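Student: I'd like to ask you about the structure that follows.
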Amino acid sequence: MSADVPEVLDAWRMVSARREFAGRLPLSALSRLRDVLVDGEGDVAFTLSFDRDALRVPYVELGIEAQLPLLCQRTLQRFVFPVSVVQRLGLLRAGEEEAEVAEAALPEGYEALEVGEDGAIRPLDLVEDELILAVPVVPVSPGSESVERDWPVTADEEAQANPFAALAALKKKTD
């Protein structure tokens, strides 16, 4: 991680000070994300901006730019998936009885982030969580075309693929 971004931040103090941080880290440093990547080549640039909005809701705005190396499930080739995320996280005090009400009261476009009384948040974890959410369930390289277009299924192949075709043949013999 860049030298100017601490490993752990006090969210409440950062909101009061209206602090901003920018950092860059290698994709290989994100252990949970690494499992879905083809390799750990590349890095991720991120910004964290702490503040309060017009309604006095404390938030951290997270901006992420990355190029994720994924495996195309159609061609089984490596491709780079561009990710550009701007996410505003409304900061809620964890353990409060009204936490669910406070979460429902967040303005539109906010996601809830529960923070303890000590205010400790880990920027690396926030970045990794957003990147994990950005990865498609089935990664497909842009421009790759469907296999069915090049090799259409014939009527004979479709009939053979039918698991009940053998039963239909037996029924014809008994009739």
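The values are calculated or read from the model by the stated rules, or taken from the named source; none is laboratory data. Bear in mind that the values here come from a model prediction, so they are computed numbers and not experimental data. No Cβ is skipped: glycine too gets one built from the backbone with ideal geometry, and neighbour counts run over all protein chains shown. To get the accessible areas, we keep the full protein, side chains included, count just its heavy atoms, and leave off ligands, DNA and RNA. Shrake-Rupley method; radii C 1.70, N 1.55, O 1.52, S 1.80 Å.
Student: Say whether the condition of being touching a helix residue (DSSP H, G or I) at 6+ places or on another chain (Cβ under 9 Å) and at pLDDT below 70 is met by at least one residue in the stretch 134-154.
Tutor: yes
Student: May I ask you to list the residues in the stretch 101-121 that are under 13 Å from Pro58 (Cβ atoms), open to solvent by less than 90 Å² (accessible area, probe 1.4 Å) and part of a strand (DSSP E or B)?
Tutor: If the condition is that a residue be under 13 Å from Pro58 (Cβ atoms), open to solvent by less than 90 Å² (accessible area, probe 1.4 Å) and part of a strand (DSSP E or B), then Tyr110, Ala112, Leu113, Val115, Ile121 are the ones that fit.
Student: Let me confirm something: among Ser28, Ser16, which residue is without any contact (Cβ under 8 Å) to a residue 40 or more places away in the chain, open to solvent by 20 Å² or more (accessible area, probe 1.4 Å) and within 18 Å of Ile121 (Cβ to Cβ)?
Tutor: Ser16
Student: Here is a further query. Does Thr47 satisfy the criteria of being among the polar types (S, T, N, Q) and either more than 14 Å from Leu131 (Cα to Cα) or open to solvent by less than 20 Å² (accessible area, probe 1.4 Å) (or both)?
Tutor: no
Student: Let me ask another. In the stretch 14-53, what residues are hydroxyl-bearing (Ser, Thr, Tyr), more than 15 Å from Ile64 (Cα to Cα) and touching an Asp or Glu at 6+ places or on another chain (Cβ under 9 Å)?
Tutor: Scanning the stretch 14-53 gives Ser28, Ser31.
Student: Being farther than 24 Å from Ala94 by Cβ, open to solvent by 90 Å² or more (accessible area, probe 1.4 Å) and out of contact with any helix residue (DSSP H, G or I) (no Cβ under 8 Å at 6 or more places or on another chain) is true for just one of Asp39, Asp35. Which residue is that?
Tutor: Of Asp39, Asp35, the one residue that is farther than 24 Å from Ala94 by Cβ, open to solvent by 90 Å² or more (accessible area, probe 1.4 Å) and out of contact with any helix residue (DSSP H, G or I) (no Cβ under 8 Å at 6 or more places or on another chain) is Asp35.
Student: Okay, moving on. Based on this model, can you work out whether Ala168 counts as at pLDDT below 70, more than 25 Å from Arg13 (Cα to Cα), open to solvent by less than 70 Å² (accessible area, probe 1.4 Å) and not in a strand (DSSP E or B)?
Tutor: No; evaluated as a whole, the condition is false for this residue.
Student: Then there is this: Could you please give the count of residues in the stretch 54-73 that are open to solvent by 30 Å² or more (accessible area, probe 1.4 Å), in contact (Cβ under 8 Å) with a residue 40 or more places away in the chain and in contact with a strand residue (DSSP E or B) (Cβ under 7 Å, 6 or more places away or on another chain)?
Tutor: 1
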